[in-house]
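For reference, the structure is listed below as structure tokens.
The values are calculated or read from the model by the stated rules, or taken from the named source; none is laboratory data. Just so we're clear, the structure is a prediction, and the values are computed from it rather than from any experiment. Glycine also receives a Cβ, built like all others from the backbone with ideal geometry; neighbour counts cover every protein chain displayed.
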Amino acid sequence: MTPAQYLAMLKRGAPPPATLLLGPEAYERRRIKTAVLATVLETAVTRHDLAELTLAEVLDDARALSLFASERVIWVSNAEAALPKGRVAAADDGAGDGEAGSGAGDASLLAAYLKDPTPGVSLVFEAIRFDFEGEDKRKQDRVLKFYSPIRDVVELQAYSVQDARAETESLARKAGFRLAPDALDLLVEALGADIARIAVEIEKLALFAGTRVIAADDIAALVPDARSTTIFALVNALGRRDRARALEVLDTLTRAGEYLPLALAFLSTQFRMALVAREAGLKSAQQIQNHFQRLGVPLWGSRAEQVYQTVSKFTKPQLERAIELIFRADRGLRDVRPDDRIVMEQFITKLVA
């Protein structure tokens with residue numbers, strides 16, 4: 001189920017006998033934890049770590065009756081630590097015949113417990129180590145298989161860029177201030193759509209904002225990792241073929257001690273996307289955004305507009321040449337004791353000649 005569905009279930013009654021929180025997304029996990037712990041007294045909360053205890057010991061605690069509370073929450077972290085290891089794990093993956101082990105026994109103990117759970121006790125297992133994609137997917141499936149007796153599984157998927165943007169707007173509104181559209185885009189982009197980090201920055205921005213609208217310059221000054229906004233200014237200037245502005249921004253980057261290879265990395269992405277867009281015959285920022293999203297590449301509106309500006313200012317041969325110049329500049333920055341500023345100035349001059 002989704003976090004929203006689980007939170008709605010909590011509003012209707014007590015937590016279920018057992019819940020598995022699956023996935024690394026921290027913001028929704030924190031919301032769920034707050035909601036679950038609010039259902040009992042603070043003294044009725046027990047915290048266990050399966051890196052230190054066995055699952056059998058946790059279940060023994062769940063079986064024990066409390067003299068002081070009729071309802072208890074047992075919060076269990078590092079749920080992955082209970083999984084069988086070695087040959088048992090290989091057998092679980094279908095890679096061998098395996099042999100019995102404590103992990104397999106713990107799984108059967110969990111199934112037996114959930115057939116007759118202790119009334120008023122809610123077990124919540126955190127399995128946050130693995131993601132839902134890539135190499136983690138198989139490991140995530142093993143966790144899900146081990147904890148299959150638990151019916152209530154909450155999948156903590158990472159926010160998409162669009163969902164993170166909407167949630168950021170909502171958080172700012174609840175905090176009593178407003179973000180300008182470009183500031184909103186920059187905040188989401190600078191923090192990688194990590195809504196847990198964004199929520200922390202929103203709390204800080206609320207103290208600063210008062211009644212004023214937060215602008216992109218405020219984000220750049222106040223939010224860690226957002227100083228890269230100056231790099232985006234360089235990307236924009238080169239995308240518009242504005243040599244004077246690009247050299248001015250380069251001067252700012254150099255004086256601020258920014259890492260210039262990072263600027264080249266952003267430029268490489270910008271021009272490669274622009275080349276793809278031109279080859280696909282895309283005619284607007286909206287078409288560009290839709291095209292890359294269909295390819296599985298998240299792209300917010302302001303970024304799509306930047307790519308469109310580049311497409312409109314550079315022909316296909318010029319885009320291909322730009323990518324070649326970026327490669328040469330990157331190689332120049334890797335030379336022994338290079339003068340990064342001179343390398344970048346030469347790159348800018350050749351690009352917008």
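Structural remarks
- Test result for residue 241, outside any helix (DSSP H, G or I) and surrounded by 15 or more Cβ atoms within 10 Å (Cβ to Cβ): yes
- Within the range 11-35, the residues that satisfy the criterion of being modelled with pLDDT under 90 and closer than 20 Å to residue 118 by Cβ are 13, 14, 15.
- Residue check, residue 72 under 28 Å from residue 194 (Cα atoms), modelled with pLDDT of 85 or more and under 33 Å from the mean Cα position of the chain (by Cα): no
- Selection count where residues are closer than 30 Å to residue 180 by Cα and of a type outside the set (A, V, I, L, M), scope the range 296-353: 14
- The range 155-180: number of residues that are within 21 Å of residue 297 (Cβ to Cβ) and either modelled with pLDDT of 85 or more or not aliphatic (A, V, I, L, M) (or both): 10
- The test for being in contact with a helix residue (DSSP H, G or I) (Cβ under 6 Å, 6 or more places away or on another chain) and closer than 23 Å to residue 27 by Cα holds for residue 175.
- Residue check for residue 334: farther than 15 Å from residue 269 by Cβ, out of contact with any strand residue (DSSP E or B) (no Cβ under 9 Å at 6 or more places or on another chain) and among the basic types (Lys, Arg): yes
- Counting only helices (runs of 4 or more DSSP H) that sit completely within the range 131-220, those holding 3 or more residues that are under 16 Å from the mean Cα position of the chain (by Cα), on the phi < 0 side of the Ramachandran plot and surrounded by 15 or more Cβ atoms within 10 Å (Cβ to Cβ) correspond to 161-175, 181-190, 195-209.
- Contacts under 7 angstrom Cβ, first residue in the range 301-320 being acidic (Asp, Glu), partner crowded, with 16+ Cβ neighbours inside 10 Å, 6 or more apart: 305/285; 320/275
- Screening residue 112 against (1) modelled with pLDDT under 85; (2) on the phi < 0 side of the Ramachandran plot; (3) exposed (fewer than 14 other Cβ atoms within 10 Å of the Cβ) leaves a single unmet condition, (1).
- Considering (1) farther than 28 Å from residue 181 by Cβ; (2) at pLDDT 85 or above, the lone condition that residue 260 does not fulfil carries the number (2).
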